[in-house]
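Student: There's a structure below that I have some questions on.
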Amino acid sequence: MRHQSLYRVYRPQNFKEVVGQDDVVQPLLAQIEGKKVGHAYLFAGSRGLGKTSIARIFAKELKVHERDVYELDAASHNGVDEVRSLNDSIYTLPFASEYKVYILDEAHMLSKSAWNALLKTLEEPPAHVIIILATTELDKVPETVRSRCQVFNFKKPSRSGLAKLVQSIAKKEGVVLESAAADLISLLGDGSYRDALSVLEKALSAGDGKTLSRVQVEQATGAPRHALVHGLATAVSTGDTAGALEVIHQAQKATIDMQLYLMLVLEYLRQILLMRHAPELRKEIQEELGEDAYKEAEILAGAKDSLLTHTALGVFLDAASRIRFSPVPALPIELAVLAISRQD
């Protein structure tokens, strides 16, 4: 039997199962209940937020038969001929439903001529047609198109919300996911439900089938070991420039993605500063880090004459803005360490 990804297995099948998109779901439900459904919608938001899933659910809630739901990937069918063919099919009546629903994914990829061909249909579609455009780049959708659609902006989930989701799904898979592991997965998911579940799936396949720790997630995903993150923070805190550069070198030798490494360092330094300046957040941070890592961070947060300050965090943040374009990925992190040591 062919394996199905977690994202497909746990894809929401109705509006009640949709997580974190109330600003989209509630108006759509109200339109269905009030029988005031529009003819054109534009779903906008970053990848993996459920835009096409909600488009399918919307059609399902309208009792549209699957034969009357048409999906087109505009990334690979973006020419004027494809849109003209779509326009021709729009005028034929539905097979078994009140409506025909057309879902155009990655709509921003349509060519200028394709947009022009679609525009008239968006202005005066047949009464039985609903068009749903989905895009990750709203700014590339022409204003003339946006003005003819109901625009819904999809929100990225919070880190904590994404961590709770992956813990819930791990539980359904019969695995206990430690809080620190869930937090790392949510961080690696980068605000995408789909990406977070892909990371979880990769980690589950490498686990023992009962529990999943942060260390196991690190091993399965190639994420930097916490020891390398903590080691850099410790060296910077004490002004040990040579030690800090050695830790970065170790991370490089381990063929770690330096952009991801820096992201985890930034998150760790942020947590240390929050522990120092906002003690009321310590319990939440303890859950995110796990007991052992929290104790290490607690020592750094309480250290006297530490160089881990808001200024140091700002220096690393500047490095993060440059690392994508650096021909030597470790260089911006090394320069940040040297800049902090000069401020001592």
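Student: Does any residue of region 234-244 turn out to be under 27 Å from the mean Cα position of the chain (by Cα) and among the small types (Gly, Ala, Ser)? I'd like the intermediate steps shown before the answer.
Tutor: To start, the set of residues in region 234-244 that are under 27 Å from the mean Cα position of the chain (by Cα) comprises none.
Checked region 234-244: no residue is under 27 Å from the mean Cα position of the chain (by Cα) and among the small types (Gly, Ala, Ser).
Student: So how many residues does region 208-251 have that are buried (at least 20 other Cβ atoms within 10 Å of the Cβ) and in a loop (DSSP other than H, G, I, E, B)?
Tutor: Number of matching residues: 2.
Student: Output the residues belonging to region 308-344 that are touching a residue at least 40 places away in the same chain (Cβ under 8 Å) and either farther than 14 Å from residue 265 by Cα or not in a helix (DSSP H, G or I) (or both). Please lay out each step first, then the result.
Tutor: Restricting attention to region 308-344, the residues satisfying the condition of being touching a residue at least 40 places away in the same chain (Cβ under 8 Å) are 308, 312-313, 316-317, 319-320, 323-324, 329-330, 332-334, 337-338, 340-341, 344.
Passing the criteria: 308, 324, 329, 330, 338, 340, 341, 344.
Student: A further question on this structure: Tell me, which helices (runs of 4 or more DSSP H) wholly within region 88-172 include 2 or more residues that are in contact (Cβ under 8 Å) with a residue 12 or more places away in the chain, touching a helix residue (DSSP H, G or I) at 6+ places or on another chain (Cβ under 8 Å) and assigned by TED's automatic domain parsing to the domain that holds residue 187? Please lay out each step first, then the result.
Tutor: Details: elements: 112-123, 143-146, 159-172.
Per the criteria, 159-172.
Student: Looking at (1) assigned to a loop (DSSP other than H, G, I, E, B); (2) over 30 Å from residue 48 (Cα atoms); (3) touching a residue at least 24 places away in the same chain (Cβ under 8 Å), can you tell me which one residue 305 breaks?
Tutor: All conditions pass for residue 305, except number (3).
Student: Name, by its number, the condition in (1) modelled with pLDDT of 95 or more; (2) part of a loop (DSSP other than H, G, I, E, B) that does not hold for residue 35.
Tutor: (1)
Student: OK, next. Could you check how many residues of region 53-83 are of a type outside the set (A, V, I, L, M, F, W, C) and assigned to a strand (DSSP E or B)?
Tutor: Here the count works out to 3.
Student: So, in region 116-173, exactly how many residues are at pLDDT 90 or above and acidic (Asp, Glu)?
Tutor: Number of matching residues: 4.
Student: Quick check on residue 200: is it touching an Asp or Glu at 6+ places or on another chain (Cβ under 7 Å), assigned to a helix (DSSP H, G or I), over 20 Å from residue 22 (Cα atoms) and in contact (Cβ under 8 Å) with a residue 12 or more places away in the chain? Show your work before the answer.
Tutor: Working: touching an Asp or Glu at 6+ places or on another chain (Cβ under 7 Å): no; assigned to a helix (DSSP H, G or I): yes; over 20 Å from residue 22 (Cα atoms): yes; in contact (Cβ under 8 Å) with a residue 12 or more places away in the chain: yes.
Answer is no for this residue.
Student: Assess whether residue 321 counts as being in the same structural domain as residue 250 (by TED's automatic domain parsing), among the polar types (S, T, N, Q) and surrounded by fewer than 18 Cβ atoms within 10 Å (Cβ to Cβ).
Tutor: Values: in the same structural domain as residue 250 (by TED's automatic domain parsing): yes; among the polar types (S, T, N, Q): yes; surrounded by fewer than 18 Cβ atoms within 10 Å (Cβ to Cβ): yes.
Considered against the rule, which asks whether it is in the same structural domain as residue 250 (by TED's automatic domain parsing), among the polar types (S, T, N, Q) and surrounded by fewer than 18 Cβ atoms within 10 Å (Cβ to Cβ), residue 321 comes out as yes.
Student: Let me ask you something else. Examine region 266-278 for a residue that is more than 21 Å from the chain's Cα centre (by Cα), outside the structural domain of residue 189 (by TED's automatic domain parsing) and not in a helix (DSSP H, G or I), and state whether such a residue exists.
Tutor: Scanning region 266-278, I find at least one residue that is more than 21 Å from the chain's Cα centre (by Cα), outside the structural domain of residue 189 (by TED's automatic domain parsing) and not in a helix (DSSP H, G or I), so the answer is yes.
Student: Here are some residues: 272, 299. Which one is surrounded by fewer than 19 Cβ atoms within 10 Å (Cβ to Cβ) and either in contact with a His (Cβ under 8 Å, 6 or more places away or on another chain) or of a type in the set (Val, Ile, Thr) (or both)?
Tutor: Details: 272 fails: surrounded by fewer than 19 Cβ atoms within 10 Å (Cβ to Cβ).
Selected residue: 299, the only one of 272, 299 that is surrounded by fewer than 19 Cβ atoms within 10 Å (Cβ to Cβ) and either in contact with a His (Cβ under 8 Å, 6 or more places away or on another chain) or of a type in the set (Val, Ile, Thr) (or both).
Student: Please tell me if residue 38 is among the small types (Gly, Ala, Ser), farther than 21 Å from residue 162 by Cβ, out of contact with any strand residue (DSSP E or B) (no Cβ under 9 Å at 6 or more places or on another chain) and not assigned by TED's automatic domain parsing to the domain that holds residue 200. Even if it seems obvious, please write down each step before you answer.
Tutor: Details: among the small types (Gly, Ala, Ser): yes; farther than 21 Å from residue 162 by Cβ: yes; out of contact with any strand residue (DSSP E or B) (no Cβ under 9 Å at 6 or more places or on another chain): no; not assigned by TED's automatic domain parsing to the domain that holds residue 200: yes.
When the stated conditions are applied, residue 38 does not pass them.
The values are calculated or read from the model by the stated rules, or taken from the named source; none is laboratory data. Keep in mind that what you see is a predicted model, and the values were worked out from it rather than measured. Quick reminder, even Gly has a Cβ in these numbers, built from the backbone with ideal geometry, and neighbours come from all protein chains shown.
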